[in-house]
Amino acid sequence: MSSASDRRTDVLRAIVSDYIACHEPVGSKALVDRHALGVSSATIRNDMAVLEAEGFIVQPHTSSGRVPTEKGYRHFVDSIEEITPLSRAERKAIRAFLEGALDLDDVLRRAVRLLSQLTRQVAVVQYPVLDRSTVRHLEVVSLTPTRLLLVLITDTGRVDQRTVELAAPHTEEHLAEIRTLLSEAVADKRLADASAALTATGEQARPVYRDAVERCVTVLVDTLVEHPDDRIVLGGTANLTRSAADFDGSLRSVLEALEEQVVILRLLTAAQAVGAGGPGGVTVQIGAETQSAEIRGASVVSSQYGAEGHAFGGMGVLGPTRMDYPGTIASVAAVAHYVGEILGGR
């Protein structure tokens, strides 16, 4: 870019930063006073006129300063070359807080609480996507002579427990054979593959306990084809009330979309489909880019969480377009990293 274009990018960056911080239209004098732009107020006014003509900023009222448009925010985000990471103390606190979780549900609840506190926006975490999970362990426990407990654990930390009623009492010998047969069928397989493998186990079972195996298979297949990835955890919804004016009367529809969850889940899924190629592996959808009329005036900053190159699900925050994008990107990237690391190590 030419030096004039570079300077206008600096002016736009300063306008966005000041407007995010103060929520007041930004004028040329304020830019001169607050930022070392190295040019006169007259030059900045000319730059602002060009930026306005190109659709990056707008003048909401006569004789007032300028505010960024969605196009301006997008240019601002795209011009971020490097995200300042959280401090060592912040990262240590995040890790310690997440590591104290008891199970998958607790990890995700803690994650949304952290994100909402760090960003002061609405935080959302998607449950691990089913078709990306593998079976880590299957346990078969005898509750009574005619009732078994099946415990299925995946690599994402998901734990499912189901009971099976048998037509006849089982012996310890039969229980051991059932456990071995079922475990070998599903161990280290993707859930869809495990479901397919289970259907053939009934033929491999000895007639004396074949009925018990088939009953277990029926319950396990039902468990494996469920879709807990259609669930999300929300936190910090009350934060939106601080920014009600930013939504220009659309806050009610945003709250309804959060309650119904379908729109938010679609946004997280779409962001994963296109890939998180932005700063810190984070995708930023600004205003109309969400393609969701229900949350017009909102931006979504999201990322994937996972381990060893394997994505488990999505997480992120939703807030007004007037948000601290660099800080939000850094927080989403950090929490996603530690959630994936903790779930991957369990």
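A short reminder: the numbers here are calculations on the coordinates, not readings from a lab. The structure presented is a predicted model; accordingly, all values stated were derived computationally and were not measured. When we count neighbours, we look across all protein chains shown, and the Cβ atoms used for this are built from the backbone with ideal geometry, even at glycine.
Taken about its Cα centre, the chain carries a charge dipole of about 960 debye when Lys and Arg each add +1 at the Cβ and Asp and Glu each add -1 at the Cβ. Per residue, the convex hull spanned by the Cα atoms of the chain amounts to 148 cubic angstrom.
About its Cα centre, the dipole of the range 94-245 is roughly 860 debye, where the only charges are +1 on Lys and Arg Cβ and -1 on Asp and Glu Cβ. Each Lys and Arg contributes +1 and each Asp and Glu -1, all at the Cβ; summed about the Cα centre of the range 103-153, the dipole is approximately 200 debye.
Between the listed residues Thr43, His23, Ser299, the Cα displaced farthest toward the positive end of the dipole of the chain, a dipole computed from Cβ unit charges relative to the Cα centre, is found at Thr43. Peptide packing: for 85-94, 28-37, 147-156, the average count of neighbouring Cβ atoms within 10 Å per residue gives the ranking 147-156, 28-37, 85-94, highest mean first. Gyration tensor over the Cα atoms of the range 119-244: the corresponding equivalent ellipsoid has semi-axes (square roots of 5 times the eigenvalues, largest first) of 38, 15, 11 Å. Projection of the Cα convex hull of the range 1-53, averaged over all directions and equal to a quarter of that hull's surface, yields 3.5 nm².
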